[in-house]
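First, the structure itself, so that you have it in front of you.
The values are calculated or read from the model by the stated rules, or taken from the named source; none is laboratory data. As the structure is a prediction and not an experimental result, all values here were calculated from the model. Every residue, glycine among them, receives a Cβ derived from its backbone with ideal geometry; neighbour counts consider all protein chains shown. Accessible surface is based on the protein model in full, side chains and every heavy atom, while ligands, DNA and RNA are left aside. Shrake-Rupley method; radii C 1.70, N 1.55, O 1.52, S 1.80 Å.
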Amino acid sequence: MKPFYLVFTFLLILSCSSDDSDGVVTIDPVDDFKIEKYHGLYAQYNNISTIADPTQDNLIKFEYDEQGRIIKRIGDVLHTSFGVLVISDLLYTDLTYYEDKVYIEKKITPTGGTSGVAQNEATITFDVNNRMIQKIRNYQISGGQDVQVDTTNFSYNNDKLVSYIKTSNKESTLWTGEVIGVRYFEESELYYSNSNLDSIVAISSRKYSDTPYIVLEDKETKIFSGYDSASNPFRKLQIFEETFNRSISQNNFTDYRVTRNGYHYPNNDFYQSPIVLPTYEESFQTWSFAYDENGEWIYNQF
């Protein structure tokens, strides 16, 4: 049997920690909440359909060290031949802490001849306020051989995440056979309504090493709405790609939409300002939450 490969779209996960107790990464002493588990269908996997596996509980579970830090995350998604993701507890993520960083690596429990996953690891750096300020990812796209590397830097204002920029470098071969470097950018701005995330607007662009201009590629807008009034159980899961969007707000969104605009350069004249193409809705997702007698979201059931 071939190794299972994970579909990844911003899917990044963390790795087994050990006894390094000298790092600056610690749990917030004011908020000692530690999520133990949640139903995997409440996470977001880059707009790819996710279904529950009737043979499993479909729960994502966490283990912590004595300092309240996540050291293991059990459960993730496997890509099926039907083009969907299923939640499986064969997959897990180990987190290792050192100094002001955490090293993250996705792994799989060997079973039935399955012993490997596509490379998926990252190093996250925190500031003195325990905020994520940089993430460097090394990963393979499902079925691909090349290792992708990108770096994301995060900016804050009054403890609120307001922007981040992801960059990566690749090479491109021209028709002449010449190889040139290409630098890709994805610049995201975050907008809030009170204490909840309203939208994330991301502009993607590229810069060739042999040209002075930057080419705009597209504009993606993620829109979050339908917030409840319950506390957010995902608030400490910003380091994981699939719970990043949910972690930012005070409450919990039930409606998520993605719109997109392309850019057109007449006559491929990249020295001119591009024309913004009409907006179209690319995808949407909605959830119906259940709540307990105290009005809190029952996030470990779907």
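Would you confirm whether or not the range 209-231 contains a residue that is buried (at least 16 other Cβ atoms within 10 Å of the Cβ), under 24 Å from S168 (Cα atoms) and basic (K, R)?
Yes, the range 209-231 contains at least one residue that is buried (at least 16 other Cβ atoms within 10 Å of the Cβ), under 24 Å from S168 (Cα atoms) and basic (K, R).
Please specify each residue of the range 121-156 satisfying the condition of being over 16 Å from the mean Cα position of the chain (by Cα), modelled with pLDDT under 95 and in a strand (DSSP E or B).
Hit for the range 121-156 is V147, nothing else.
Moving to a separate point now. Could you please give the count of residues in the range 203-232 that are in a strand (DSSP E or B), within 23 Å of the chain's Cα centre (by Cα) and hydroxyl-bearing (S, T, Y)?
Number satisfying all stated conditions: 4.
Working only within the range 170-202, note down all residues that are under 17 Å from the mean Cα position of the chain (by Cα) and open to solvent by less than 80 Å² (accessible area, probe 1.4 Å).
F185, E186, S188, L190, L197, S199, I200, V201, A202
I'd like to verify a number: residues in the range 246-255 that are of a type outside the set (S, T, N, Q) and open to solvent by 10 Å² or more (accessible area, probe 1.4 Å), how many?
Looking only at that region, the number is 2.
A further question on this structure: If you check T243 against the conditions, is it touching a Phe, Trp or Tyr at 6+ places or on another chain (Cβ under 9 Å), exposed (fewer than 15 other Cβ atoms within 10 Å of the Cβ) and not in a strand (DSSP E or B)?
no
Quickly run through the range 47-90 and pick out the residues that are assigned to a loop (DSSP other than H, G, I, E, B) and at pLDDT 90 or above.
If the condition is that a residue be assigned to a loop (DSSP other than H, G, I, E, B) and at pLDDT 90 or above, then D57, N58, D65, E66, Q67, G68, R69 are the ones that fit.
Can you name every residue in the range 274-302 that is exposed (fewer than 11 other Cβ atoms within 10 Å of the Cβ), free of Cβ contacts under 8 Å to residues at least 60 places away in the same chain and closer than 29 Å to K61 by Cβ?
Within the range 274-302, S288, A290, D292, E293, N294 qualify.
Which residue, of Y103, Y97, is surrounded by 15 or more Cβ atoms within 10 Å (Cβ to Cβ), out of contact with any Leu (no Cβ under 9 Å at 6 or more places or on another chain), at pLDDT 95 or above and not charged (D, E, K, R)?
Y97
Which members of the range 135-166 meet the condition of being polar (S, T, N, Q) and under 17 Å from L190 (Cβ atoms)?
Residues satisfying the conditions are T152, N153, S155, N157, N158, S163.
Under 7 Å by Cβ, and 6 or more places apart or on different chains, what pairs join a residue from the range 228-251 that is within 14 Å of L161 (Cβ to Cβ) and at pLDDT 95 or above with one that is part of a helix (DSSP H, G or I) and among the aromatic types (F, W, Y)?
Every condition considered, the pairs that remain are Q238/F244.
Ok, one more. Go over the candidates Y271, Y263 one by one and state the one that is touching a residue at least 24 places away in the same chain (Cβ under 8 Å), more than 19 Å from the chain's Cα centre (by Cα) and buried (at least 17 other Cβ atoms within 10 Å of the Cβ).
Among Y271, Y263, only Y263 is touching a residue at least 24 places away in the same chain (Cβ under 8 Å), more than 19 Å from the chain's Cα centre (by Cα) and buried (at least 17 other Cβ atoms within 10 Å of the Cβ).
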